[in-house]
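J.: Quick one: the structure is below, questions incoming.
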Amino acid sequence: MLFAMTDDGVKLHYLSAGSGTPLVFVHEFAGAARSWEPQLRFFSRRHRCIAFDARGYPPSDVPGAASAYSQDRARDDIVAVLDHLNIEKAHIVGLSMGAFATLHFGFTYPHRAHSLVVAGCGYGAEKAAREQFRAETEATAWFIEAATGAAFADRYGAGPARVQFQNKDPRGWAEFRDMLAEHSLTGAALTLRGVQKERPSLFDLEEPMRNLSVPTLIMTGDEDEPCLMPAIFMKRTIRSAALQVLPNSGHTINLEEPALFNAALAEFITQVEAGRWQSRDPRSLGGSILGMADEHSQ
């Protein structure tokens, strides 16, 4: 097994495949490094691909202190993996919890990123849902601590934005559920409380978003309700961002629709590496609907 060490002494397990410009994949709360297998197999044909297990996700270490888990730690763990592998710069691809970490990575370490992919990002971000999200996060942590891995996976894996995966691909969803059942329950509960519950709302990050110039692809499923409005907000705020919406899709889009996900990611990376990715033209931000308004039509 391959491991990188963080600055606070946590070992992070990682997978590596292929050669070329590096791509680093950062998984969601219900996923793990191996959740990126459809992407590792596809992109390792042309790129050096790395996927790592977050702290709290074996074979990575599971620190026992709640203080070891935070949004900043999740962000800096990406840096720890890059530094261990002597990678100066990479395309950073994150889903959900991993997308939050990827976005914060872009804010703090833009010089280390060729590009950012922020997929399925937004749970708990909307101001009207903040307290509901925090309450549900805490209740879920309590449930996990008292549950078996199977009970946790059956319940969490069939959430409102995961039934799409279950309906389209029962075999793929069953594999996802079985892998989820193998997670550390201690690590899951600590991650919920330290990372998910305490992270800032995306809507409080408008200033760093406006200052972000790294090429960015925002992706979401159109039935992933908690991520739809945050995705539009990020598209409107990050001038270097494009928005890709996958139809009839939920939260786990890299597994639910791997072909669509891979095609969108491949096209994005191709444009970035060709120097063809452009920031939004300011003329598209005018207040006019048709672009023909003058003083006589006001």
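J.: Mind telling me which of the residues 44, 60, 96 ends up being within 12 Å of the chain's Cα centre (by Cα), hydroxyl-bearing (Ser, Thr, Tyr) and within 25 Å of residue 253 (Cβ to Cβ)?
T.: Every option except 96 fails the conditions.
J.: Check whether at least one residue in the range 39-57 is out of contact with any strand residue (DSSP E or B) (no Cβ under 7 Å at 6 or more places or on another chain), surrounded by fewer than 23 Cβ atoms within 10 Å (Cβ to Cβ) and part of a helix (DSSP H, G or I), and report yes or no.
T.: Yes, because at least one residue in the range 39-57 is out of contact with any strand residue (DSSP E or B) (no Cβ under 7 Å at 6 or more places or on another chain), surrounded by fewer than 23 Cβ atoms within 10 Å (Cβ to Cβ) and part of a helix (DSSP H, G or I).
J.: Starting from residues that are surrounded by 15 or more Cβ atoms within 10 Å (Cβ to Cβ) and not small (Gly, Ala, Ser), keep the ones in the range 165-174 and report whichever is farthest from residue 149 (Cα to Cα). Talk me through it step by step, then tell me what you get.
T.: Pass one, the range 165-174, residues surrounded by 15 or more Cβ atoms within 10 Å (Cβ to Cβ): 165-166, 169, 172-173.
Next cut, not small (Gly, Ala, Ser) only: 165-166, 169, 173.
Details: 165: 20, 166: 19, 169: 22, 173: 16 Å.
For the range 165-174, the residue satisfying everything is 169.
J.: Which of (1) among the hydroxyl-bearing types (Ser, Thr, Tyr); (2) closer than 24 Å to residue 156 by Cβ; (3) in contact with a strand residue (DSSP E or B) (Cβ under 6 Å, 6 or more places away or on another chain); (4) surrounded by fewer than 22 Cβ atoms within 10 Å (Cβ to Cβ) does residue 16 not meet, given it meets every other one?
T.: Only one criterion is unmet by residue 16, namely (2).
J.: Something else now. Within the range 110-132, can you find the residues that are touching a Lys or Arg at 6+ places or on another chain (Cβ under 8 Å) and surrounded by fewer than 20 Cβ atoms within 10 Å (Cβ to Cβ)?
T.: 111, 112, 114, listed by residue number.
J.: Would a scan of the range 145-154 turn up a residue that is in contact with a helix residue (DSSP H, G or I) (Cβ under 6 Å, 6 or more places away or on another chain), surrounded by fewer than 18 Cβ atoms within 10 Å (Cβ to Cβ) and either of a type in the set (D, E, K, R) or under 26 Å from residue 90 (Cα atoms) (or both)? Explain how you work it out, then say what you get.
T.: Initially, the range 145-154 is screened for residues in contact with a helix residue (DSSP H, G or I) (Cβ under 6 Å, 6 or more places away or on another chain), giving 145, 149-150, 152-153.
Checking which are surrounded by fewer than 18 Cβ atoms within 10 Å (Cβ to Cβ) leaves us with 145, 149-150.
From what's left, either of a type in the set (D, E, K, R) or under 26 Å from residue 90 (Cα atoms) (or both): 145.
The answer is yes, given that some residue of the range 145-154 is in contact with a helix residue (DSSP H, G or I) (Cβ under 6 Å, 6 or more places away or on another chain), surrounded by fewer than 18 Cβ atoms within 10 Å (Cβ to Cβ) and either of a type in the set (D, E, K, R) or under 26 Å from residue 90 (Cα atoms) (or both).
J.: Since residue 199 meets every condition but one in (1) part of a helix (DSSP H, G or I); (2) crowded, with 16+ Cβ neighbours inside 10 Å; (3) modelled with pLDDT under 95; (4) of a type outside the set (Phe, Trp, Tyr), which condition does it not meet?
T.: Unmet for residue 199, out of (1) part of a helix (DSSP H, G or I); (2) crowded, with 16+ Cβ neighbours inside 10 Å; (3) modelled with pLDDT under 95; (4) of a type outside the set (Phe, Trp, Tyr): (1).
J.: Mind checking which pairs have a first residue in the range 231-246 that is farther than 17 Å from residue 104 by Cβ and of a type in the set (Gly, Ala, Ser) and a second that is outside any helix (DSSP H, G or I) and at pLDDT below 95, Cβ under 9 Å, 6 or more apart or different chains?
T.: The qualifying pairs are 242/280.
So that you can scan it fast, the table gives a plain yes or no per residue for (1) modelled with pLDDT of 95 or more; (2) over 29 Å from residue 245 (Cβ atoms):
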| residue | (1), (2) |
| --- | --- |
| 107 | yes, no |
| 112 | yes, no |
| 119 | yes, no |
| 123 | no, no |
| 130 | no, no |
| 133 | no, no |
| 136 | no, no |
| 147 | no, yes |
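J.: Now a separate question. Within the range 86-107, which residues are in contact with a helix residue (DSSP H, G or I) (Cβ under 6 Å, 6 or more places away or on another chain), over 20 Å from residue 271 (Cα atoms) and surrounded by fewer than 24 Cβ atoms within 10 Å (Cβ to Cβ)?
T.: Within the range 86-107, 104, 107 meet the criteria.
J.: Also, quick follow-up: Could you grab me the full set of residues in the range 120-144 that are charged (D, E, K, R), in a helix (DSSP H, G or I) and either within 19 Å of residue 96 (Cβ to Cβ) or touching a helix residue (DSSP H, G or I) at 6+ places or on another chain (Cβ under 7 Å) (or both)?
T.: If the condition is that a residue be charged (D, E, K, R), in a helix (DSSP H, G or I) and either within 19 Å of residue 96 (Cβ to Cβ) or touching a helix residue (DSSP H, G or I) at 6+ places or on another chain (Cβ under 7 Å) (or both), then 127, 130, 134, 136, 138 are the ones that fit.
The values are calculated or read from the model by the stated rules, or taken from the named source; none is laboratory data. Since the structure is predicted, the reported quantities are computational estimates derived from the model, not experimental observations. Quick reminder, even Gly has a Cβ in these numbers, built from the backbone with ideal geometry, and neighbours come from all protein chains shown.
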